[in-house]
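Okay, structure first, notes after.
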Amino acid sequence: MKVDLFDFHLPEELIAQTPLLDRTSSRLMVLDKETGSITHDIFKHIRNYLKPGDCLVLNDTRVLPARLYGAKEDTGAKIEVLLLKQQENDQWETLVKPAKRIKKGAKIVFGNGLLTAVCIEELEHGGRILDFQYEGIFYEVLDQLGEMPLPPYIKEQLEDQDRYQTVYARERGSAAAPTAGLHFTEELLDEIRAAGIHIAFITLHVGLGTFRPVSVDDIDQHEMHSEFYQMTEGTAALLNEVRSSGGRIISVGTTSTRTLETIASEYNGRFEARSGWTDIFIYPGYEFKAIDGMITNFHLPKSTLIMLVSSLAGRKAVLNAYETAVQERYRFFSFGDAMLII
């Protein structure tokens, strides 16, 4: 299947640069995955499309202030580092710009020496394994020196760093936010629970794949990078109970979807408590084993994310929905509007 089949025209002005003041005031497009029909609404009305006994599954990962600005120790050259994945101890997989300046053995200094890093391995596409040195607690140093790693298509500075976190973010480790969850407030979650709808949490730390475009012509040749995920015993038990009682499992975001499908694929449609690494790539032809619906944002043309969405609702229906979204001036990407596929 060719990547070009997932292309569409997106006017640049529809890329949302800033979040709305009220998280729940984003627009909501509801796509019927059986008929392809479209309904327009507002996100604060999301519970009108859910039923008692259904379960929303949210990713509680917390974004690290993972973008660091430093200098090469010997030359003073400015270096930008993006933390992607912790390896072991204080070693991290990172993206470095300009990567050509950082060879094995090079040392980078951040914050007048509060934090330093030595390159111990060179990877492709600007990737480097860095070994960090510091005094105290790493995450406290990172909070002091790091910036929130907004996606490259967002050009404006974010005044409130917490707006790139979900209100339920708990587990530190992501290089990017699970943006479908940015539309929820604690009040809306309480309303959903009060309506008899379950809320469950999983964790997937978003990594390198988020920043890497599909560079091959044929989807089958694309390789996803692995990302760490975790499901607790409580979440597994709740999801199995929802499934056995006839409720629907609705994932919030592609990260939740990938976690649920990874586990359900391994356990023949059931859920078990476990943690590990997943590189699952979901595109049309995939048979879903875990979810019945999904809440998601509007994604980049030719991205793995629009491929995943197309596998749930059908490529033609999704591309028609995206064309409608462009015509109706929906906001796209991380701070944009939402779609419910059900």
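The values are calculated or read from the model by the stated rules, or taken from the named source; none is laboratory data. Everything numeric here is computed off the predicted structure, so don't read it as measured data. Backbone-built Cβ (ideal geometry, glycine too); neighbour counts: all protein chains shown. Each accessible area value is taken on the protein alone, full model and side chains, heavy atoms only, with ligands, DNA and RNA left out. Shrake-Rupley method; radii C 1.70, N 1.55, O 1.52, S 1.80 Å.
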On average, how much accessible surface per residue is there in the stretch 67-147, in Å², for a 1.4 Å probe, leaving out ligands, DNA and RNA? 55
Take the Cα atoms of the chain, build their convex hull, and give its volume per residue in Å³. 139
Under 5 Å from the placed amide H of L115, counting only residues 5+ away or on other chains, we find F110
Give me the base-10 log of I(q)/I(0) for the stretch 1-78 at each q in 0.14, 0.20 Å⁻¹, Debye formula, one uniform scatterer per Cα, rounded to two decimals. -0.90, -1.24
Electrostatic dipole magnitude of the chain [Cβ: Lys, Arg +1; Asp, Glu -1; Cα centre; debye, to 20]: 300
Can you give me the C-alpha center-to-center distance between the stretch 269-342 and the stretch 1-49, rounded to a whole angstrom? 10
Label point at V167 placed 7 Å out along Cα→Cβ; residues across the stretch 13-31 whose backbone nitrogen lies under 11 Å: 22-25
Hey, which aspartates and glutamates would be in cross-link range of K44, C-alpha to C-alpha under 13 Å, not counting anything within fewer than 8 residues on its own chain? D22, E186, E187, D190, E191, D337
Angle between the Cα long axis of helix 315-327 and the longest principal axis of the chain, 0 to 90 degrees, nearest 10? 80
Protection proxy ranking, peptides 60-69, 314-323, average beta carbon neighbours within 10 Å, highest first: 60-69, 314-323
In the neighborhood of D279, defined by Cβ-to-Cβ distances under 10 Å, what is the net charge if each Lys or Arg adds +1 and each Asp or Glu adds -1? -1
Mind checking which lysines have their C-alpha under 20 Å from K100, skipping anything on the same chain fewer than 8 residues away? K72, K78
Applied in sequence order to the stretch 185-195, the curve 6.51 cos²θ - 1.76 cosθ + 1.60 (Karplus, θ = phi - 60°) yields integer Hz couplings, x standing for Gly and Pro, of 10, 4, 5, 5, 4, 5, 4, 5, 4, 5, 7
Tell me the angle of helix 304-313 to the major Cα principal axis of the chain, expressed in degrees between 0 and 90 and rounded to the nearest ten. 10
When we measure straight from the Cα of K289, which lysines land under 18 angstrom away, once same-chain ones fewer than 8 places off are left out? K33
Neighbours of R62 by Cβ distance under 14 Å: Lys/Arg at +1, Asp/Glu at -1, summed charge -1
Phi-based couplings in Hz for the stretch 75-92 (Karplus 6.51, -1.76, 1.60; Gly and Pro marked x): 10, x, 4, 6, 10, 10, 10, 10, 6, 10, 7, 6, 8, 8, 6, 10, 9, 10
Keeping the other protein chains in place, figure out the carbon and sulfur percent of the accessible area of the stretch 67-147, with a 1.4 Å probe. 43
Give the Rg/Rh ratio for the stretch 227-319, taking Rg as the radius of gyration of the Cα atoms and Rh as the Kirkwood radius, to two decimals. 0.96
Per residue, how much accessible area does the stretch 258-304 have with a 1.4 Å probe, in Å²? 41
Note to self, the chain gives a 222 nm [θ] from helices alone (DSSP H runs n ≥ 4, -39500 (n - 2.57) apiece, / all residues, nearest 500) of -5500 deg cm²/dmol
Between the stretch 226-252 and the stretch 83-155, the Cα center-to-center distance that results, in Å: 34
Tilt, helix 254-266 to longest principal axis of the chain (alpha-carbon atoms), in degrees rounded to tens, equals 80
Surrounding charge for E88, neighbours by C-beta under 14 angstrom, Lys/Arg +1, Asp/Glu -1, total -3
Bridge orientation stat for the stretch 67-147 from DSSP, antiparallel percent rounded to 5, came to 100
DSSP beta bridge pairing in the chain, given as percent antiparallel to the nearest 5: 70
